[in-house]
Amino acid sequence: MRTNRRPWLVLLGFTVLAAALGCAKIPPPSVSPVEIEETREDVKVLEKDLIAARDRAAKLTAELAQKKASLAAKKDQPEVLRKRVKELKKGSGRETDDDKEKEDKEST
């Protein structure tokens, strides 16, 4: 029985090559210790800024929710205010023809 040795030799060559490349020394880092310390200081500053931004976002979210609630409460008031303005205009004699036309259109 004849065996083919070529695939085994190629596999052995790849294994030796992989072992040789995998066992190489790690190159020294090209970053100086001063740059590392500067980067750490930058990270600390950015973390403080992030905390401040999150606090501000929370405050703005609370203000927005409060304003939305007050706006929702005021949605019913325009009709009441319109009636009051009409009464004041009638009482002071400043009611115009446009106001009468709008009133006619609203009633129909």
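The values are calculated or read from the model by the stated rules, or taken from the named source; none is laboratory data. Owing to the predicted nature of the structure, the values given are computational and were not obtained by experimental measurement. Using ideal geometry, Cβ is built from the backbone for each residue, glycine included, and neighbour counts are taken over all protein chains shown.
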Output for Cβ contacts, cut-off 9 Å, separation at least six or different chains, first residue on the phi < 0 side of the Ramachandran plot in region 77-88, second modelled with pLDDT under 75, reads LYS86/GLU95; LYS86/ASP99; LYS86/GLU103; LEU88/ARG94
Restricting region 1-36 to residues that are of a type in the set (D, E, K, R) and at pLDDT 80 or above, which is surrounded by the fewest Cβ atoms within 10 Å (Cβ to Cβ)?
ARG6
Apart from one, (1) within 36 Å of the chain's Cα centre (by Cα); (2) of a type in the set (A, V, I, L, M, F, W, C); (3) in a helix (DSSP H, G or I) all hold for VAL31; the odd one out is (3)
